[in-house]
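A.B. asks: This is the structure I have questions about; it appears just below.
The values are calculated or read from the model by the stated rules, or taken from the named source; none is laboratory data. Bear in mind the structure is a predicted one, so any value in this text is a computation, not a measurement. Using ideal geometry, Cβ is built from the backbone for each residue, glycine included, and neighbour counts are taken over all protein chains shown. Note: accessible area is taken over every heavy atom of the protein model, side chains too, but ligands, DNA and RNA are not part of it. Shrake-Rupley method; radii C 1.70, N 1.55, O 1.52, S 1.80 Å.
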Amino acid sequence: MAEDTDILSVKGKVALVTGASSGLGQHAASRLVQAGAKVIAVARREDRLQDWLAGQPEGQAAVFAWDLANLASLKDLAAQAEQVFGQVDILVNAAGLNLRQQADMVTLEGWQTTIDINLNAPFHLAQALVPGMKSRGWGRIVNFGSLQSGRAFPGGIAYGAAKGGVAQLTRAMAEAWSKDGITTNAIGPGFFPTELTAPVFNDAERSARNAAQTCIGRNGELQDMDGPLLFFCSEASAYVTGQLLYVDGGFTAK
């Protein structure tokens, strides 16, 4: 029994989690701390990060306020992050942006920022952290996809293009780095109550319709992410790479 528990352990690992000021990113950061990892939480909003940090055990977490859309700065972020607890073992790319612009209304700036946050930043940050993972022959990269990695939703053309790209990016990262002991997988969340999905959950009829679309019959709760997250971050997934796992209550099965 102990062995089954230990295989999911992340105790003593160093994790960097983006999008950690709210929602699934913050929940992932908190869950990894609870599981014994040392976590560097990254997001734009320093006040939210500091509020989160105040609730964490001393010496187990640190925060960096950073604009991930500034792609040229991500090598600096990686270098500074690795000065805190040592080299990063686990990268969780949870930062996301969905402007919900209709196709005819998408602006050049909106398109570029959406692609940068959701697709470009995960690659460039991973690329900066991979050398350290290679040196130890062990690493875990967990990208966040979406239901829109495989389906089209109204008002989601830029976001969907980015998240579809994340699915292929995950496969390509796996092809490039798995031989070095670095697995790359993606989680595709269904509908969870977060800041990003507030427009959906604020529409009671739409929220109920989404719940009815699942096989389980309800929308997601934050703790539903814990098992998949720890699986992908730990030794349990040593022979799993390049995969997108939908954590959606069976939304995509129907």
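A.B. asks: Which far-off residues, 5 or more places away or on another chain, put their amide H under 5 Å from the one on residue 195, with H placed in the peptide plane?
C.D. replies: 23
A.B. asks: In Å², what does the accessible area per residue of the chain work out to with a 1.4 Å probe?
C.D. replies: Dividing the accessible area of the chain by its residue count gives 46 Å².
A.B. asks: Given (1) 32, 22, 16; (2) 27, 21, 18; (3) 36, 19, 15, which label gives semi-axes √(5λ) of the Cα gyration tensor in Å as computed from the coordinates?
C.D. replies: (2)
A.B. asks: Moving to a separate point now. Looking at the square roots a ≥ b ≥ c of the eigenvalues of the Cα gyration tensor of the stretch 13-102, which shape do they give, rounded for a/c under 1.5, prolate if a/b is larger than b/c, or oblate?
C.D. replies: oblate
A.B. asks: Would you tally the net charge around residue 52, using a Cβ to Cβ cut-off of less than 13 Å, leaving residue 52 out, and scoring K and R as +1, D and E as -1?
C.D. replies: Its environment carries a net charge of 0.
A.B. asks: Hydropathy first: keep DSSP H helices in the chain averaging at least -1.0 on Kyte-Doolittle, then drop any whose Cα extent along the axis falls short of 27 Å, and list what survives.
C.D. replies: TM-like helix candidates: 157-177.
A.B. asks: Skipping prolines and chain starts, which residues have an amide H placed within reach, meaning under 5 Å, of the one on residue 63, given they are 5 or more residues away or on another chain?
C.D. replies: For residue 63, the qualifying residues are 41.
A.B. asks: With every protein chain in place, what's the accessible area of residue 38 (1.4 Å probe, Å², nearest 10)?
C.D. replies: 80 Å²
A.B. asks: Over the chain, what is the mean sequence separation of C-alpha contacts under 8 Å (at least six apart), divided by residue count, expressed as relative contact order in percent?
C.D. replies: 19 percent
A.B. asks: For the full complex of protein chains and a 1.4 angstrom probe, list 159, 246, 239 by accessible area with the highest value first.
C.D. replies: So, going from the largest accessible area down, we get 239, 246, 159.
A.B. asks: If you don't mind, there's one more thing I want to ask. Any idea of residue 144's accessible area? Nearest 10 Å², probe 1.4 Å.
C.D. replies: Residue 144 exposes around 20 Å² with every protein chain in place.
A.B. asks: Highest mean first, how do 22-30, 79-87 rank when packing is the count of other Cβ atoms within 10 Å averaged over residues?
C.D. replies: 22-30, 79-87
A.B. asks: Taking all protein chains in place and a 1.4 Å probe, what share, in percent, of the accessible surface of the chain do carbon and sulfur account for?
C.D. replies: 52 percent
A.B. asks: Separate question: How big is the accessible area of residue 52 in square angstrom, nearest 10, if you roll a 1.4 angstrom probe over the protein chains?
C.D. replies: 20 Å²
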